[in-house]
Amino acid sequence: MDTVSALVKRALAPYNQMPDSVTIACLADDLLRHGEELLARVAGHEEAEAALRDWRRLTADGPTDSPMGNWNHARALARTIRSFLRVLGEQ
């Protein structure tokens, strides 16, 4: 889980530390991949219901078409994954 926690930390860096667009795209891909791996583990946990709803919406809708869209989307994915980790007691 150290890898996932490190990804979350990178995505939740302050806005003045926003990486370039290629790095953001890679970060979002990594967050999506690791988040999908956590889904089966948090499914069925009542405490994860809100995070699971957020995850479904984020993965269905994707980022907004705006200058900060991809960065904000990656950050929202990270916050949701952080919730998954809390439910699992791993962060």
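The values are calculated or read from the model by the stated rules, or taken from the named source; none is laboratory data. The shown structure was predicted, so the numbers you read here are calculated from the model rather than taken from an experiment. Note: ideal-geometry Cβ built from the backbone for every residue, glycine included; neighbour counts use all protein chains shown. Ligands, DNA and RNA are excluded from the accessible area calculation, which covers all protein heavy atoms including side chains. Shrake-Rupley method; radii C 1.70, N 1.55, O 1.52, S 1.80 Å.
Summary table
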quantity: Summed side-chain charge close to ALA76 - residues other than ALA76 whose Cβ falls under 13 Å, Lys, Arg +1, Asp, Glu -1; calculated: +4
quantity: Computed [θ] at 222 nm, helices only, for the chain once each DSSP H run of length n ≥ 4 contributes -39500 (n - 2.57); calculated: -24000 deg cm²/dmol
quantity: Charged-residue dipole, Cβ positions (Lys, Arg, Asp, Glu), the chain about Cα centre, Debye nearest 20; calculated: 180
quantity: Three-way shape label, region 35-75, alpha-carbon gyration tensor, a/c 1.5; calculated: prolate
quantity: Per residue accessible area in Å² of the chain, where ligands, DNA and RNA are left out and the probe is 1.4 Å; calculated: 60
quantity: Of all accessible heavy-atom area on the chain, the percent that carbon and sulfur account for (1.4 Å); calculated: 50
quantity: D_trans [Stokes-Einstein, Kirkwood Rh over alpha-carbon pairs] for the chain, 10 °C, 1.306 mPa s, µm² s⁻¹; calculated: 121
quantity: Protection proxy ranking of 77-88, 57-68 - average other beta-carbon atoms within 10 Å, highest first; calculated: 77-88, 57-68
